[in-house]
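Written below as structure tokens is the structure these notes are about.
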Amino acid sequence: MIKAVIFDLDGVIVDTARYHFLAWKRLADELGIKFTEEDNERLKGVSRIRSMEILMELGGITLSQYEKEKLANKKNTWFVDYVERMIPEEIYSGVRVLIEKLKERGIHIALASSSKNARTVLHLLHIQNLFEVVTDGTMITHSKPDPEIFLLAAEKLGIDPKDCLVFEDAEAGIEGALAAGMLCVGIGSQEQLFKAHKVIRHTGDFTMEMLDEFNAVALKLNTER
Ligand code: BG6
Ligand code: MG
């Protein structure tokens, strides 16, 4: 049975994935690197410094550790600027209702974000209280696609990873959830997120019927183990 749902933040709860893209795009433009939304898919879910390295790979440039960190920090300053101007309406529609329904079913709710800005975003949008447990980029050594953050969230909830369902918009996040032995819903396009157990366009599209389907899958998998 699904006993916990673990949500990613950027691109799942709130439209901050767009601000990460805009900030990386601004940096890419400054560096003269061609950077498209498709390229950006590779940056989703991974850590800030890994994102910087992928950008360098895309541009075919090498930089010292110092330069790399300096530029990643610059991108972060722009990202935080965008985030500070966010309004609560930028929380995806249907997210609050979905979390309420899951809670009514006795399901525990956690957040697992690679972002070091996760708590700031939750605070600015007044949505800290939606989550029983919050895990973020400041609490882990290995970012997604490593399963560390998901396993940490499950541990803090006191729930077995096999009873957890993850919501993710990033390929790296889906890989991390699967590596943690969890079930996973992809938020976005089927083509991009085909590794997930199910893909839906928007977080708010998830229904309790879908939860029942996941319960059946979990039951089947757990009896096979
Ligand atoms: C993830 C985003 O949630 O957090 C990535 O999907 C981002 O795009 C990563 O790079 C790290 O975020 P931050 O805020 O610590 O730079
Ligand atoms: Mg995300």
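Observations
- Residues in the stretch 26-46 that are in a helix (DSSP H, G or I) and either within 11 Å of ligand 2 (Cβ to nearest atom) or open to solvent by 60 Å² or more (accessible area, probe 1.4 Å) (or both): 6 in all.
- Residue satisfying condition, being more than 29 Å from VAL185 (Cβ to Cβ), within 13 Å of ligand 1 (Cβ to nearest atom) and of a type outside the set (Gly, Ala, Ser), within set LEU22, LEU27: LEU27
- Residue list for the stretch 197-210, restricted to those being out of contact with any Ser or Thr (no Cβ under 6 Å at 6 or more places or on another chain), open to solvent by 20 Å² or more (accessible area, probe 1.4 Å) and not basic (Lys, Arg): HIS197, VAL199, HIS202, ASP205, THR207, MET208, GLU209, MET210
- Every residue from the stretch 197-225 that is part of a loop (DSSP other than H, G, I, E, B), in contact (Cβ under 8 Å) with a residue 60 or more places away in the chain, over 14 Å from GLY181 (Cα atoms) and not aromatic (Phe, Trp, Tyr): HIS202
- Meeting the requirement of 2 or more residues that are among the hydrophobic types (A, V, I, L, M, F, W, C) and within 12 Å of ligand 2 (Cβ to nearest atom), the strands (runs of 3 or more DSSP E) wholly within the stretch 91-177 are 108-112, 164-168.
- Annotation: of all residues in the stretch 3-19 being more than 8 Å from ligand 1 (Cβ to nearest atom) and open to solvent by 10 Å² or more (accessible area, probe 1.4 Å), the one that is nearest to PHE79 (Cα to Cα) is TYR19.
- Of the candidates LYS70, LYS75, the single residue that is open to solvent by less than 30 Å² (accessible area, probe 1.4 Å), among the charged types (D, E, K, R) and modelled with pLDDT of 95 or more is LYS75.
- For first residues located in the stretch 1-29 and on the phi > 0 side of the Ramachandran plot, partners that are outside any helix (DSSP H, G or I) and lie 6+ apart or on another chain with Cβ distances below 6 Å form the pairs GLY11/ASP169.
- Among the residues examined, ASP169 qualifies as crowded, with 20+ Cβ neighbours inside 10 Å and either of a type in the set (A, V, I, L, M, F, W, C) or modelled with pLDDT of 95 or more (or both).
- Residues of the stretch 177-196 satisfying the condition of being on the phi < 0 side of the Ramachandran plot and buried (at least 19 other Cβ atoms within 10 Å of the Cβ): ALA177, LEU178, ALA180, MET182, LEU183, CYS184, VAL185, GLY186, ILE187, LEU193, ALA196
- When each of ARG105, ARG119, ARG96, ARG85 is tested for being open to solvent by 60 Å² or more (accessible area, probe 1.4 Å), basic (Lys, Arg) and closer than 26 Å to GLU53 by Cβ, the lone residue that passes is ARG119.
The values are calculated or read from the model by the stated rules, or taken from the named source; none is laboratory data. In this text, all values refer to a predicted model and were calculated from it rather than measured experimentally. No Cβ is skipped: glycine too gets one built from the backbone with ideal geometry, and neighbour counts run over all protein chains shown. Surface areas here come from the heavy atoms of the whole protein model, side chains and all, with no ligands, DNA or RNA. Shrake-Rupley method; radii C 1.70, N 1.55, O 1.52, S 1.80 Å.
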